[in-house]
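A.B. asks: Have a look at this one before I ask anything.
The values are calculated or read from the model by the stated rules, or taken from the named source; none is laboratory data. Remember, it's a predicted structure, so these values are computed and weren't measured experimentally. Cβ: placed from backbone, ideal geometry, glycine included. Neighbour counts: every protein chain shown. Accessible surface is based on the protein model in full, side chains and every heavy atom, while ligands, DNA and RNA are left aside. Shrake-Rupley method; radii C 1.70, N 1.55, O 1.52, S 1.80 Å.
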Amino acid sequence: RLPEDEEEEAEVGWQEKLFSQFEVDLYLNESACQTPLDRQYHEEIRKLEKAGGRKNSRIFTYTDHDRFTNLEELCQKVTDSDHEVPSYLVERMANVRRRRQDRRPVEASSLKSKIITWEPSEEFIKNNHVINTPVQTMYIMGDLGPYGKLGRKEYEHVLCTIKVDGNGVITVKPDFTGTKGPYWIELDGVKREVWEYTIENVSAKVKPEEEEREQRMFRDLYSRHRDYLNGLVGSEFEMPLPGTLRLFVNGEIVSAQGYEYDNLYVHFFLELPNQWSSPLVQQLSGVTQTCATKTVGWDKVAYFCYPFTLEMFYTQEDEGVSPYSLPEWPVLYFEVLSLDFWQRYRVEGYGSLVLPASPGVHELTISTWRPVELGTVAEMRRFFIGGSPELEDLTYIRIPSTFKGKRLSRFGFRTETTGSVTFRLNCLQQSRAFLENSALRQRMQSVLDRLGGFSQQSSVYNVLEAFQRARRRMQEARESLPQDLISTSASSM
């Protein structure tokens with residue numbers, strides 16, 4: 001346990017300056033003061049000396065304007081290696097300070113007209129290269145030197161870092177002690193001393209009337225900001241008609257992997273079921289660029305990163321539609337092809353993807369297959385002259401839209417499993433049914449039931465599959481039992 005004279009407690013306010021012994025010795029000498037801040041500290045230390053000296057001994061602070069704060073932000077390392085070499089980006093960004101940067105407010109007219117700066121200046125690039133949020137910093141330090149030898153820089157340790165950004169977010173690192181117990185610092189000296197310290201929030205609680213006034217001010221600020229955003233957006237935001245759901249899909253064909261030949265490209269198109277429509281200018285098909293593969297692990301992967309956008313409308317038709325029926329969802333059909341040096345193309349695989357019924361980000365990997373012929377002649381033809389059996393109707397990948405029967409037989413249709421294609425889909429749904437209006441919700445309840453039921457359909461299928469697997473395991477276990485045991489249990493029943 002430490003002696004009483006080694007225990008210290010200090011109450012520190014925001015940006016309150018407590019001088020260390022090293023700073024007292026440094027700034028007391030007027031010839032060492034070079035900047036106006038140094039001369040200000042010189043006057044404050046002289047007043048402290050006349051008043052009987054500083055009250056703190058080991059605990060002191062570095063405020064936002066001190067040299068230590070600038071050097072600490074400038075000399076931060078990415079790793080804990082002693083031989084770390086700064087990269088080119090670190091050297092270029094060393095002069096871009098995230099603290100106290102003057103940012104001019106952007107007017108609404110310039111926000112709309114100057115989206116792209118064609119000839120940026122070097123200062124503009126330096127200030128806009130990173131998200132530049134002004135931050136004020138303060139360090140609470142501890143002088144952990146031996147008794148009677150205070151004021152050495154090697155014994156200074158950071159006890160707590162407090163940062164406040166321009167958005168009003170306060171960051172305290174490490175956090176207030178609470179019930180977790182004190183923090184401790186172990187020195188590297190011969191005695192291996194261990195110092196313990198706690199951090200507590202002793203700020204006075206806000207009075208109820210002040211808290212209410214602050215909340216009222218925030219509400220006024222948010223309302224003005226909402227009016228400002230409404231002024232930027234305008235009144236041209238289009239809402240779908242009642243009984244209509246708008247579906248936006250910002251998709252990306254990420255990659256294709258596991259295929260036999262190189263130089264792949266993907267041809268895709270979207271099929272809209274009944275009650276679905278799209279704008280006349282909307283393209284429902286597309287072709288990616290030809291992409292060479294690279295070896296990743298054991299697979300050859302072609303990274304397309306091909307973006308596409310789809311917009312669809314679902315319109316409710318109450319006539320003759322059961323309120324418990326689920327709407328069909330649009331299906332994305334695609335085929336993967338390869339192109340060689342002699343401009344010979346080969347079908348590498350077919351696949352289909354049902355667009356997700358729930359909004360959000362979805363990343364899906366779809367396995368593909370291709371039709372094959374028996375014998376070696378077909379494979380030799382595919383290898384030497386290109387070409388392969390193809391589907392005349394790509395909807396044959398699933399149930400064709402033109403099929404009206406009860407059973408679809410594919411007996412004798414031979415296929416081979418090939419690679420897979422990865423999609424990343426960002427889905428957005430818009431409908432008046434999502435508004436916070438009880439009467440409108442009751443009028444659109446049937447649409448929501450069907451849309452919500454469709455999103456829950458996969459979970460129902462999972463439950464049924466789990467039940468079928470459990471039933472098969474029970475039958476297998478029953479078949480593995482001795483027959484005399486089964487007959488005995490049956491007779492007892």
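A.B. asks: Please give, to one decimal in nm, the separation of the simple spin-label points placed at T198 and L89, each 7 Å out from Cα toward the Cβ.
C.D. replies: 4.3
A.B. asks: Taking a probe of 1.4 Å, how large is the accessible area per residue of segment 211-317, in Å²? Before the final figure, lay out the partial values.
C.D. replies: Numbers: 6730 Å² over 107 residues.
With the other protein chains kept in place, segment 211-317 gives 63 Å² per residue.
A.B. asks: Given the peptides 23-36, 135-148, arrange them by the average over their residues of other C-beta atoms within 10 Å, most packed first. The partial results should precede the final answer.
C.D. replies: Details: 23-36: 13.2, 135-148: 17.2.
Ranking, from highest mean packing down: 135-148, 23-36.
A.B. asks: Set the Förster distance to 35 Å, then compute FRET efficiency between Y303 and D80 from the Cβ-Cβ distance, nearest 0.05. Don't jump to the answer; show the numbers that get you there.
C.D. replies: Numbers: r = 34 Å, r/R0 = 0.96.
Working from the Cβ atoms, E equals 0.55.
A.B. asks: Separate question: Quick one: length gained pulling E212 to R152 fully straight, 0.36 nm per residue minus the C-alpha distance?
C.D. replies: Numbers: separation 60, 0.36 × 60 = 21.60 nm, distance 4.82 nm.
Between E212 and R152, full extension yields 16.8 nm more.
A.B. asks: Any idea how far apart T295 and L232 come out in nm if each label point goes 7 Å out from Cα toward Cβ?
C.D. replies: Each label point is offset 7 Å from its Cα along the Cβ direction, giving 5.0 nm.
A.B. asks: What is the extension gain from Q468 to E43, computed as 0.36 nm multiplied by their sequence separation minus the C-alpha to C-alpha distance, in nm to one decimal? If you can, show how the numbers build up before the last one.
C.D. replies: Details: separation 425, 0.36 × 425 = 153.00 nm, distance 8.51 nm.
Difference between extended and current length: 144.5 nm.
A.B. asks: Let's test the formula: R0 of 35 Å, r as the Cβ-Cβ distance of D175 and E363. What FRET efficiency results, to the nearest 0.05? Don't skip to the answer; put the middle values down first.
C.D. replies: Working: r = 35 Å, r/R0 = 0.99.
E between D175 and E363, to the nearest 0.05, is 0.50.
A.B. asks: Please list, by residue number, every one of the trypsin sites (Lys or Arg not before Pro) in segment 158-265 that is coil in DSSP and has at most 14 other beta-carbon atoms within 10 Å. Walk me through the intermediate numbers first.
C.D. replies: Details: sites: K163, K180, K191, R192, K205, R213, R216, R219, R224, R226, R246; in loops: K180, K191, R192, K205.
Of the trypsin sites (Lys or Arg not before Pro), the ones in loops of segment 158-265 whose Cβ has at most 14 other Cβ atoms within 10 Å are K180, K191, R192, K205.
A.B. asks: Along Cα→Cβ, 7 Å out, is where each label goes; now give me the distance between the ones at R407 and T376 in nm to one decimal.
C.D. replies: It is 3.9 nm.
A.B. asks: Moving to a separate point now. Nearest 20 debye, what's the magnitude of the dipole of segment 235-303 about its Cα centre given +1 on Lys and Arg Cβ and -1 on Asp and Glu Cβ?
C.D. replies: Numbers: 3 positive and 7 negative charges, 12 e Å.
Magnitude of the dipole: close to 60 debye.
A.B. asks: Now for a different question. Checking the table K50/K173; K55/K180; K153/K205; K55/K153 against a 32 Å threshold on Cα-Cα, which pairs fail? Working shown, then result.
C.D. replies: Working: K50/K173 35 Å; K55/K180 29 Å; K153/K205 37 Å; K55/K153 20 Å.
K50/K173; K153/K205, as the Cα separations exceed 32 Å there.
A.B. asks: Are there any chymotrypsin sites (Phe, Trp or Tyr not before Pro) in segment 161-230 that are in a DSSP loop and have at most 14 other Cβ atoms within 10 Å? List them by number. Write down the numbers at each step before the final one.
C.D. replies: Details: sites: F176, Y183, W184, W195, Y197, F218, Y222, Y228; in loops: F176.
Loop-located and lightly packed - F176.
A.B. asks: Which residues among segment 267-310 fall inside the zone where the amide N is under 20 Å from a point 7 Å beyond the Cα of F341, along Cα→Cβ?
C.D. replies: So the set is 290-295.
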